[in-house]
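Report on one structure; see the data block that follows.
A short reminder: the numbers here are calculations on the coordinates, not readings from a lab. Everything numeric here is computed off the predicted structure, so don't read it as measured data. As a convention, Cβ positions derive from the backbone with ideal geometry for all residues, glycine included, and neighbour counts pool all protein chains shown.
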């Protein structure tokens, strides 16, 4: 009986070790798949840079439009390129534009006024709160320190209680912190929402910057604005998917330099 019991214990230990080994093997495979997909996503960013830097206008990739699908090894890459200059520039909006932006997302009345004033207080350099705004003393209990300057990321919007994480997430695809104050607005590639927010700016600038027809770049516009994309902030979003349903994602803001030795710089990585 003792011998039988000992054999049973040894069998149980062996089974436990086999299961642990199988679990470790599955974990190792999952880690390897993640590493491969991450490398594929990084390769997708490099492919986007290569496409954007093509000297031939006919072959050059352009911001906007539907995503490109590319096969890389065993991964399928979905590559999307967005024009940051075509988004609502958070750091250069005037009061009316801020109000219009927030109204586009359903805010109105006192709620809109509070979010507008809080946003403007967050961005300005003084400690004087607007009528419905908030400054450093108002954030102290929350452990938050307002920027009192230009926003560095879209995610800062979530730290403003009058806006919050849910609204900030909805706004994220439409806004940008990478447009220089007073910089141009790429109206031709912009969404209808961005055009409505920037309507007075477009009117004042006479459609300055990359301004093209509603339908996108036509032949006439190509000759006028087709000078490459160097020096313009572009967001490259790559999703690499494996055959088993796993995926990896890269979301970076880049600027092409025109220098073959260092063709692009990364301004932000998410």
Distance between modelled label sites at residue 54 and residue 152, nm, 7 Å Cα→Cβ extension: 3.7
Quick calc: nm separation of the 7 Å Cα→Cβ label points for residue 69 and residue 124 -> 5.1
Neighbour-count order for 87, 108, fewest beta carbons within 10 angstrom listed first: 108, 87
Subtracting the Cα-Cα distance from 0.36 nm times the residue separation, let me have the gained length for residue 31 to residue 169 in nm, one decimal. 46.8 nm
Which of the three applies to segment 91-174, rounded, prolate or oblate, going by the alpha-carbon gyration tensor with a ≥ b ≥ c and a/c under 1.5 meaning rounded? rounded
Please report 42, 127 as a ranked list, fewest other C-beta atoms within 10 angstrom at the top and most at the bottom. 127, 42
